[in-house]
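Student: Here it is, the structure, as structure tokens.
The values are calculated or read from the model by the stated rules, or taken from the named source; none is laboratory data. This is a predicted model, so every value here is computed, not measured. Cβ atoms come from the backbone with ideal geometry, glycine included; neighbour counts cover every protein chain shown.
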Amino acid sequence: MSNVNQAGLLNISDVDQLGFFNNSDVNQLGILNNSDVDQVGWGNDASVTQWGIFNQSSVYQLGAFNDATVTQIGIANSSDIQQIGIGNDASVLQLGTLNEANVLQVGVGNDATVIQVGTANVADQTQFGVDNTALAVQAGTGNYSMQMQVGEDNTAIAFQTGTGNQSYQFQLGEDNMAVHTQDGFYNMAITTQAGDANLSLINQDGALNFAWTNQTGLGQMSFVNQAGIANVSLVNQSN
């Protein structure tokens, strides 16, 4: 089933469905918004809401029971969601101007969420595996978050407020957790995890702080807290 509702000027919606019991809902209000939904398989669901001008959304679903939700309110926001597998869930909320979200899920039961409020924030989420969870929340201008997960039951969370902060989270294995909290200007946080059940928490409050935590093995724990300007933290843990 496909439902399309358009109000405004020169909005474009393109829906292609192949399979059984796929569902798409597209609602556009404004000028020159563009939505593309492609569904192949069984029981996939896509919901796209665009209010404003020049917003762009693309949803591609291949498999069964995948769910994608996109809400764009503002000007020239961009969202790209690709889901391949079974029971993956992706949600993008953009409020503002020139925000960009890219989500790729391959596997079973992965969950990805992007929330962007402000201008020119960018979030990239990539998940390969089973039951991984990624959350990126950005409020401000020009923040960047990258989350890459390969494995099972990994959790990556990034909270960014301010301007020009960068967060990178790479997880390979099972049951790893990485949480980054950034408040300020041009801070950078990196967590790399290869193994199982590792925990990395990085909190940055200020400007131009740098933190890199690298964990390999099993059960490592790291807690980094930076407040001020141009602090540097390097943590390397292995067993």
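Student: Give the residues of the range 171-223 that are more than 15 Å from Q160 (Cα to Cα), hydrophobic (A, V, I, L, M, F, W, C) and touching a Leu at 6+ places or on another chain (Cβ under 9 Å), sorted by residue number.
Tutor: M177, A194, A197, W212, M221, F223
Student: Here are some residues: G195, G184. Which one is small (G, A, S), buried (at least 17 other Cβ atoms within 10 Å of the Cβ) and within 20 Å of L135 (Cα to Cα)? Before the answer, list the steps.
Tutor: Values: G195 fails: within 20 Å of L135 (Cα to Cα).
One residue alone meets the criteria, G184.
Student: Which pairs have Cβ atoms under 8 Å, sit 6 or more apart or on different chains, and link a residue in the range 222-233 that is of a type in the set (F, W, Y) to one that is surrounded by 12 or more Cβ atoms within 10 Å (Cβ to Cβ) and at pLDDT 95 or above?
Tutor: From residues that are of a type in the set (F, W, Y), the pairs are F223/L201.
Student: Let me ask something additional. Taking into account only those residues within the range 125-159 that are within 9 Å of the chain's Cα centre (by Cα) and either in the same structural domain as I75 (by TED's automatic domain parsing) or hydrophobic (A, V, I, L, M, F, W, C) (or both), which is farthest from A90 (Cα to Cα)? Step through it out loud before you land on a result.
Tutor: Within the range 125-159, the subset within 9 Å of the chain's Cα centre (by Cα) is 125-126, 134-137, 145-147.
Those still in the list that are either in the same structural domain as I75 (by TED's automatic domain parsing) or hydrophobic (A, V, I, L, M, F, W, C) (or both) too: 134-137, 146.
Numbers: A134: 9, L135: 10, A136: 12, V137: 14, M146: 15 Å.
Among residues in the range 125-159 that are within 9 Å of the chain's Cα centre (by Cα) and either in the same structural domain as I75 (by TED's automatic domain parsing) or hydrophobic (A, V, I, L, M, F, W, C) (or both), the one farthest from A90 (Cα to Cα) is M146.
Student: A further question on this structure: Out of curiosity, is L29 outside the structural domain of G151 (by TED's automatic domain parsing), modelled with pLDDT of 95 or more, more than 25 Å from G173 (Cα to Cα) and hydrophobic (A, V, I, L, M, F, W, C)? So that I can check it myself, show each step before the final result.
Tutor: Values: outside the structural domain of G151 (by TED's automatic domain parsing): yes; modelled with pLDDT of 95 or more: yes; more than 25 Å from G173 (Cα to Cα): yes; hydrophobic (A, V, I, L, M, F, W, C): yes.
In short, yes.
Student: While we're on this one: Quick one: is T119 farther than 14 Å from A90 by Cα and either in contact (Cβ under 8 Å) with a residue 40 or more places away in the chain or surrounded by fewer than 22 Cβ atoms within 10 Å (Cβ to Cβ) (or both)?
Tutor: Working: farther than 14 Å from A90 by Cα: yes; either in contact (Cβ under 8 Å) with a residue 40 or more places away in the chain or surrounded by fewer than 22 Cβ atoms within 10 Å (Cβ to Cβ) (or both): yes.
Taking the combined requirement at face value, the residue satisfies it.
Student: Among all residue pairs at least 6 apart or on different chains, which show Cβ distances below 6 Å where the first residue, located in the range 184-204, is closer than 10 Å to Q220 by Cα and the second is of a type in the set (V, I, T)?
Tutor: G195/T216; S200/T191; S200/T213
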